[in-house]
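Below: the structure, in structure tokens.
Just so it is clear, none of the values below were taken in a lab; they were calculated from the coordinates. Worth saying up front: this structure is predicted, and the values here are computed from it rather than measured. Cβ placement follows ideal geometry from the backbone for every residue including glycine, while neighbour counts extend to all protein chains displayed.
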Amino acid sequence: MDPQAQGPRAIDIYVDILLLVLLVAAALVVVTLRNLLAAALVLGIYSLIMAALWVVLDAVDVAFTEAAVGAGVTTVFMLLAIAATGRHEKIAHRRPWLPILASLAVGGLMIFGTLDLPAFGDPQAPAQQHVAPHYLEQGEAETGVPNIVTAVLASYRGFDTLGEVTVIFTAGIGVLLMLGVASRRRRAGESDDDDTGDRS
Amino acid sequence: MTEHLVLRVISKLLIPPILLFALYVQMHGDYGPGGGFQAGVIFAAGLVLYGLVFGTAAVRAVAPPRLLVVIACLGVLLYAGVGVASMIGGGAFLEYGALSADATHGNHVGIIIIEIGVGIAVAAVMTIIFSVLAEWR
Amino acid sequence: MEALTHANYWAAIVLAMIGLYAVIAPSNLIKKLIGLGMFQSAIFLVYITAGKVEGGTAPIIDAAYGVYSNPLPHVLILTAIVVAVSTLAVGLALTVAIKRDYGTVEEDEIDEQDRR
């Protein structure tokens, strides 16, 4: 990353294409594997490739999150759930032609939609013209934080992030209510007389 | 997995640096990549590793689910509390500039506090989900 | 390079198609959740691609750099990834609860039990 290298860099494009090919390959492997345990592990690899791709696309904060969440915690959650539900897909995909046709149709429409999008990396694209220049030019002066992603996350879009944290909190409580102590007791048919107010 | 000596020793060596790294990511999020979301997940990953190697009872002893629920609530409330505090300071909800006489300084302080709120909420929720799924039989 | 200006979007669409197939075709609920996660990550890829500026660098302000990529998509996707894992956990918990109540996570067998 030397400061002179500000022009278009071909190596970025090559790495980008290589990672995209790897991503699609990993995705195909995940879908075709009947062994769910293996599929979950390949999904972890998929996330790691995705994290590398985020670095190439300059999204270092996102790469950090993807590496910690996608390749770490998600895989563990998946493995735990598979351990509880069985590790093999019992039934083969029946009549696969209808789903393939449906996804091809949706994909074709989406590719038709991308034809109007500005080219990759275009600095004149509308997405680059709205609020982003203000964040990049004024962000450090207004918040005292050089990492603009943190500044936007916590300050300019603070209300949004409060909502996200609430969603995460709610999801945690939901999991606890569905599979927590109270529901396990009910399944075992025990009375919860040793504990008050713990019913779901 | 309690009988694997190598795994036990290596995880004992790894877990303290993971937790420390989570705190670094939390506090360094203003200047480099990082912040509350990443820090919370990394901290939880340390506890998840502990649980995978030493059993969920060990995690339960360190972080009982009831305590984790309280911590998760505190994280969200800390975030919302900063919003209320800036209202008391004379600004709008979550307008951190009102927290201090100097708007830039107030913004920086507000960002640090809400990132801590995000971090502990995310860490607590991830650990809750892990212990609930891992203890399911 | 002219042909590659939309390669990222097309790769994202291919990933979305694979994800969509994995939501519809398998009868296993865990596999459907995996497909859902893949569809989500395809959408993340579209967002981050839209934020990339040619010759730019990560949006951390430093005197040595002048061009930065757009920070806004990074913020949206950063939070979306963490929200995605918590909602995935809710889905997994539902699947485990279905396994408890039906004894299976295959959609066909669940349908069969419901019809009885």
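A few comments on the model shown:
- Gyration tensor verdict on chain C (Cα atoms; rounded if a/c is under 1.5, prolate if a/b is larger than b/c, oblate otherwise): oblate
- Mean Cβ neighbour count within 10 Å, used as a protection proxy, ranking A:146-152, B:119-125, C:77-83 highest first: B:119-125, A:146-152, C:77-83
- Build a GNM of chain B with springs between Cα atoms under 10 Å apart, and of B:Val48, B:Val118, B:Val84 the one that fluctuates most is B:Val84.
- Surrounding net charge for B:Asp30, when Lys and Arg each add one and Asp and Glu each subtract one, Cβ distance under 13 Å: -3
- Residues B:Leu7, A:Leu57, arranged from fewest to most other Cβ atoms within 10 angstrom of their Cβ, appear as B:Leu7, A:Leu57.
- Charged-residue dipole, Cβ positions (Lys, Arg, Asp, Glu), region A:1-89 about Cα centre, Debye nearest 20: 420 debye
- Most mobile listed residue (A:Val30, A:Val21, A:Val181) in chain A, GNM with C-alpha springs under 10 Å: A:Val181
- For the protein assembly as shown: rounded, prolate or oblate by the Cα gyration tensor [a/c cutoff 1.5]: oblate
- Summing Cβ point charges (Lys, Arg +1; Asp, Glu -1) relative to the Cα centre of region B:5-134 gives a dipole of roughly 680 debye.
- Three-way shape label, chain A, alpha-carbon gyration tensor, a/c 1.5: oblate
- Residues B:Tyr24, B:Tyr50, arranged from fewest to most other Cβ atoms within 10 angstrom of their Cβ, appear as B:Tyr24, B:Tyr50.
- Look at A:Phe77, A:Phe112 and count the other Cβ atoms within 10 Å of each Cβ; fewest to most, that gives A:Phe112, A:Phe77.
- Ratio of the Cα radius of gyration of region A:1-89 to 2.2 N^0.38 Å, where N counts its residues: 1.31
- The residue among B:Val59, A:Gln138, C:Val53 whose Cα reaches farthest toward the positive pole of the charge dipole of the protein assembly as shown, with charges on the beta-carbon of Lys, Arg, Asp and Glu, is B:Val59.
- Placing unit charges on each Cβ (+1 for Lys and Arg, -1 for Asp and Glu) gives region B:5-134 a dipole about its Cα centre, and among B:Leu5, B:Val76, B:His105 the Cα reaching farthest toward its positive end belongs to B:Leu5.
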